[in-house]
Each structure stands twice: as structure tokens, then as C-alpha cells.
Amino acid sequence: MPGAVGAPSDCVGMGIKAALPKYEIYFYNTVLCLAMFWSASWVFEVSSSNVNRKTFKTSVKPGWYYFGRKMDTADFEWMMWFSTFREHILFALSGHVLFAKIGSMLAPQYRSLVYLVYGLLAVWTSMGWTYVTLILSHCILLYSISLVKIRWLCFITGLCTLATFKCEPFVSWQAGFVEGDFELRHILFYGGCGFTIMRCMSFALENCDRKDGNYNILELLKYNFYLPFFYFGPIMTFDKFYVQANKSDLTRKEREMWNINVQGVIYLGVILGVDVLFHFMYILTIPNDMKLLKHLSDWALVGLAYFNLVYDWVKAAVMFGVINTVSRLDHLDPPKPPKCITMLYVFSETYFDRGINEWLCKYVYDYLGGKHENVVEELVATLCTFGVTILWLGPCEVVLVWAFFNCFGLNFELWTAKFFSMEPFSSFETAMSEATSRRIRGIFNTFNFWCIVLYNILALNSLDFAKLVAKRLLLKGFPITTIIVMFVTYCLIQVIKERERRQALINDPDPLPPASPPTAASPTAAAAAPAAAAQPVVDPSKQKAE
């Protein structure tokens with residue numbers, strides 16, 4: 001989901017710093033943990049009892065010898081990265097790290113040229129010189145348009161160029177430029193071309209905003225052929241890449257290399273953990289069998305929907321995290337991994353690719369929406385943003401339905417915030433305690449959370465699976481399943497809000513009360529003054545966070 005503005009529903013009046021009693025937070029955590037384990041046990045039971053099902057044969061295959069169990073291999077992208085083509089990807093990234101390090105040591109001012117040469121050779125080796133020619137032609141076209149410095153012309157040209165990779169006969173004609181017949185050909189072709197167009201659009205729009213002269217086309221080629229970002233992203237806007245890739249001071253912050261190494265180890269641990277999970281819970285294969293889904297319990301079905309979203313976030317975080325670790329070795333500051341789906345309850349923070357999200361916000365959403373306070377401007381901004389997103393993902397029924405509901409959800413949040421900021425609702429909230437206000441907001445956020453889950457299941461699984469989950473949750477399971485699931489979700493929302501409250505107190509501590517005016521010092525006070533002065537000063541933000 002491309003939106004990235006702060007959630008209006010929790011930024012006004014009482015809200016993010018409102019505290020609840022400790023015992024209440026402990027209760028919410030306990031309920032949430034028990035519900036997660038209970039739902040996971042149902043999914044595990046379904047996976048174990050249907051392991052030999054005919055519909056599972058194509059995706060459930062023999063796994064690690066040590067476990068003696070079959071493994072869910074339904075996600076081609078995950079298997080490609082960490083199993084099938086693991087050696088090829090590791091070899092290419094290791095070569096980039098090696099040559100980049102040599103270039104940084106010998107000629108740090110020319111290290112971006114080393115990135116360009118290695119990236120160009122790697123793309124040439126993997127896809128052929130005709131594919132490189134195709135990519136260069138798109139770069140030259142958008143660079144030529146950027147020299148005119150007409151923003152809307154650059155944008156229209158970029159979108160039309162992107163559309164040529166989404167409709168026939170342009171797709172087939174351009175796909176003919178790729179040499180070879182290997183399994184990754186299709187993915188590398190669309191990934192490299194799609195991200196190239198988005199990067200060229202970023203370059204063109206930044207060139208339009210530059211007042212004195214134009215950027216050199218060599219800067220565009222350095223930006224586009226940076227290998228870690230070339231095929232799979234994430235997208236880093238040109239203005240950030242240009243500054244970071246051309247800085248000559250390559251000194252690192254204290255413990256920066258330690259943090260990079262720790263992150264690498266964490267990603268390796270997550271990869272192994274996901275592979276182990278695939279031996280026991282077939283969360284990707286089960287949703288493809290509609291006959292089996294209709295016989296599952298409500299807990300198993302709800303758990304499948306939730307775990308699918310969590311897994312997709314983990315996959316995005318790990319794949320982008322591996323690439324980001326390599327780019328941080330090159331002294332770049334890449335886009336951060338997406339926010340965990342478990343921590344989301346507003347549409348304005350729902351996205352799985354922070355790079356695309358930042359690109360859309362910078363050039364479309366924030367550019368058209370301004371401060372995101374006017375309802376009409378917000379509607380126009382979201383419609384245009386999702387229009388570009390539809391073109392990026394490829395127009396089809398599932399994408400159109402997903403875009404419609406997410407666009408509606410983002411606007412509905414603003415409408416709701418505007419409505420409840422009017423009288424008499426604002427007076428009601430002012431009169432109640434902050435804790436009560438937080439609980440009421442949590443109830444509304446609970447329904448919002450499941451709207452986010454159902455809308456995004458459309459894109460990750462299928463329309464039929466989303467319909468089945470919604471029908472079981474709201475109709476067939478009503479009232480028992482509906483009330484229990486919503487209560488567990490409410491507990492999750494309050495746990496999220498508590499984490500946000502503690503972080504807010506650390507980032508923005510409340511000001512200390514003014515000191516009382518000095519009075520005549522008594523002998524007792526004078527004696528106590530040295531002892532008080534000797535006491536260490538306690539940071540109020542840390543005290544509150546504890």
C-alpha cells in the first residue's frame with residue numbers, strides 16, 4: 001500500500017502517549033500469545049493430516065533429511081532466492097562487494113564508476129548485449145525528455161514507457177531482446193525493465209527540479225546499473241543515491257560494521273527459521289486448495305490469512321534486507337524494510353515495499369496531496385497514486401479490486417478523522433480520560449485491522465480465498481467466531497499502541513515541570529543540598545519508558 005502519511009486517527013488530541021494499567025497490558029499479551037499458539041496448532045494439524053493430498057504434490061516436496069518431513073515450496077520467489085539460484089545470486093553479490101571494496105580503497109572518488117562497470121558487465125553476462133541495448137535505449141529516451149525540464153511531460157513519458165511492459169504486442173517484442181532460455185529469464189527481464197523505468201523517472205523528475213544546469217547522463221547510468229538494486233530493487237530515489245554514491249568521505253560511524261554484521265546474521269537466522277517453518281506449516285499451499293479450505297475450522301482459516309500476510313512481510317524484509325546489507329557496505333543508506341504487518345492498524349502505513357512507497361509519496365502522493373488535510377486533494381492524490389501502482393503491478397482484476405479497497409480505506413480514514421473532530425464528538429473525547437479514549441480508538445482500529453488483512457489477501461492469495469475468510473469471519477462464524485477474533489485483535493491493537501507509546505516517550509519526552517521558586521534555606525535544606533547534588537541525573541524519558 002503506497003500511503004505513508006501519519007495516521008490521522010491517532011495523531012490528534014489524546015492518543016499515542018495515553019497509558020493503560022500494567023495488569024491490563026499483561027492480560028492483552030497473554031490472550032494474544034495463547035491465541036497465536038492455538039491458531040498455529042490448527043494450521044499444523046491441517047498440514048500434517050493432508051501432507052499426501054493429491055493437490056499438494058506439485059508444491060509440497062521432500063525437504064531437509066534431518067526432519068523427515070516434506071516442505072512447502074509453493075513460493076517460487078523464496079525458493080529462487082534461497083534454494084534454486086542461491087549460488088548464482090550469492091556469486092554476483094559477492095563479486096560486487098569485492099570490486100566495490102577494491103575501488104573504494106584505491107580511488108574512493110571514482111567508486112560509483114566501479115559500481116557502473118561491474119553492474120553493466122553482470123547484466124550483460126546474465127541477459128545478453130541486446131537486453132543491455134534495450135535498457136540503454138529507455139535510459140537515453142527519458143534522459144532526453146528530462147532536458148526539456150517539463151515535469152508533466154517526463155511523468156507521462158515514463159508511464160507510457162512503463163505501459164509498454166504491461167500490454168501486447170510491446171511486451172513480446174521487447175522480450176525478444178533477451179538471449180538464452182533459462183528459468184530466471186522471465187523474472188529478470190520484467191524486474192530489470194520495470195525498476196529501470198522507475199529509476200529513470202526519478203532521475204528525470206529530479207533533473208526538472210534542478211535550477212542550475214542538468215545532471216550528466218553518466219550519473220543516470222551509475223544510478224540505474226547499480227547491481228544490488230537493478231533486478232529486484234528496492235528503489236532509492238535519485239537525489240539520495242547521487243549524494244551518497246559521490247561522497248568522498250567514507251568514514252563509518254562507531255560500531256557501524258558491527259551492526260551490519262549483526263544484521264547479516266539475523267537475516268541468515270530468519271531464512272533458516274522460515275525454511276524450518278515450511279516443513280511443519282504449509283501456509284502457502286493450503287490456500288490454493290479451495291475444497292480443503294471449506295472444511296477447515298474457523299481458527300485454521302483465520303490463522304492462514306494472518307500467517308500469509310506475516311510471511312509476505314518477512315519475505316520482503318529478508319530479501320530487501322540482504323540487498324540493503326550489501327549496499328550499506330558501499331556506504332549507502334538504502335530504504336528501510338517495510339513495517340511489520342503485525343504492527344499495522346491504519347491504511348496510511350500499510351505497504352510491503354518501502355522503496356516504491358517513498359517513490360510514490362515523493363513524486364505523486366505528497367506532491368498532489370499537500371498536507372493531506374483537504375478531502376478533495378487527498379482523494380485526487382490517492383486516485384493518482386493507486387493509478388500509478390496499478391500500472392506498476394500490471395492491470396488485472398485482482399489488482400484493480402485491491403487498489404479500489406485500499407484507496408477507499410485510506411480516504412475513509414481521513415473522512416472519519418474529519419467527522420469525529422467536529423462537535424459534539426471532540427467535546428466527548430476531551431471530557432473522557434486518555435485511557436478511555438485509547439480503548440475506544442482501539443475498538444475502531446480492530447475493524448480497520450481486519451479490513452487491511454482482507455484487502456491485502458486479495459493480492460497475495462486469491463479473490464476466492466479472501467471471500468471465504470470474510471464469509472466465515474462475518475457471516476457463518478457470527479457471533480461466536482466474530483466476537484472472539486475481534487477481541488483477540490483488540491488485544492493485539494492495544495499491544496501495538498503500548499509499544500508506540502513507549503517509543504514516543506523516548507523520542508519526544510514530556511517537558512519537566514518548572515522548578516519551584518527559591519526560598520530561604522534552612523539548616524536542614526542546606527545540609528541536604530550536597531547530598532542531592534551528588535545524586536546522578538536520571539533521564540526522564542528513560543524513566544517513563546521503564
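The values are calculated or read from the model by the stated rules, or taken from the named source; none is laboratory data. All of these numbers come straight from a predicted model, not from anything done at the bench. As a convention, Cβ positions derive from the backbone with ideal geometry for all residues, glycine included, and neighbour counts pool all protein chains shown. What goes into the accessible areas is simple: the full protein's heavy atoms, side chains included, and nothing from ligands, DNA or RNA. Shrake-Rupley method; radii C 1.70, N 1.55, O 1.52, S 1.80 Å.
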Which of the listed residues, Ala122, Tyr311, Met432, is farthest toward the dipole's positive end in the chain, when Lys, Arg count +1 and Asp, Glu count -1 at the beta-carbon? Tyr311
Looking at segment 250-288, which trypsin sites (Lys or Arg not before Pro) are DSSP coil and have at most 10 other C-beta atoms within 10 Å of their C-beta? Lys253, Arg255
For segment 109-181 and segment 467-497, what is the centre-to-centre distance using only Cα atoms, to the nearest Å? 46 Å
In the structure shown, do any of Lys294/Lys471; Lys61/Lys471; Lys240/Lys336; Lys101/Lys253 have a Cα-Cα gap over 20 Å, and if so which? Lys61/Lys471
On the protein heavy atoms, probe 1.4 angstrom, tell me the percent of accessible surface of segment 84-250 carried by carbon and sulfur. 69 percent
Karplus-derived HN-Hα couplings along segment 156-169 (A = 6.51, B = -1.76, C = 1.60, θ = phi - 60°), whole Hz, x at Gly and Pro: 5, 4, x, 5, 5, 5, 5, 5, 5, 9, 10, 9, 7, x
Per-residue [θ]222 nm for the chain (sum of -39500 (n - 2.57) over DSSP H runs n ≥ 4, rounded to 500): -21000 deg cm²/dmol
Averaged per residue, what accessible surface does segment 168-317 expose to a 1.4 Å probe, in Å²? 44 Å²
Under the Karplus relation 6.51 cos²θ - 1.76 cosθ + 1.60, θ = phi - 60°, what is the ordered set of whole-Hz ³J(HN,Hα) values for segment 446-459, x standing for Gly and Pro? 4, 5, 4, 4, 6, 5, 4, 4, 5, 5, 7, 5, 3, 6
For Met71, what residues show an amide H to amide H distance below 5 Å, using hydrogens built from the backbone and excluding near sequence neighbours? Lys61, Gly63
For segment 289-344, what is the charge dipole size about the Cα centre, in debye to the nearest 20, if Lys and Arg each add +1 at the Cβ and Asp and Glu each add -1 at the Cβ? 60 debye
To the nearest 20 debye, the chain has a Cα-centred charge dipole, built from +1 on Lys and Arg Cβ and -1 on Asp and Glu Cβ, of 740 debye
Tell me, in nm to one decimal, what length is gained between Trp152 and Leu268 on full extension, where the rule is 0.36 nm per residue of separation less the Cα-Cα distance? 37.4 nm
Looking at Val178, Leu474, Thr385, which one has the Cα that reaches farthest to the positive end of the dipole of the chain (charges on Cβ: Lys, Arg +1; Asp, Glu -1)? Leu474
Going by amide H atoms built from the backbone, whose H comes under 5 Å of the H on Leu184, apart from near neighbours? none
Can you tell me which aspartates and glutamates have their Cα less than 14 Å from the Cα of Lys339? Leave out same-chain residues fewer than eight positions away. Asp312, Glu349, Asp353, Glu358, Glu500
In order through segment 43-52: 3J(HN,Hα) via Karplus (6.51 cos²θ - 1.76 cosθ + 1.60), integer Hz, x for Gly, Pro: 5, 5, 5, 5, 5, 6, 7, 10, 4, 9
Of Leu147, His96, Phe165, whose Cα points farthest to the positive end of the dipole of segment 84-250 (charges on the beta-carbon: +1 Lys, Arg; -1 Asp, Glu; origin at the Cα centre)? Leu147
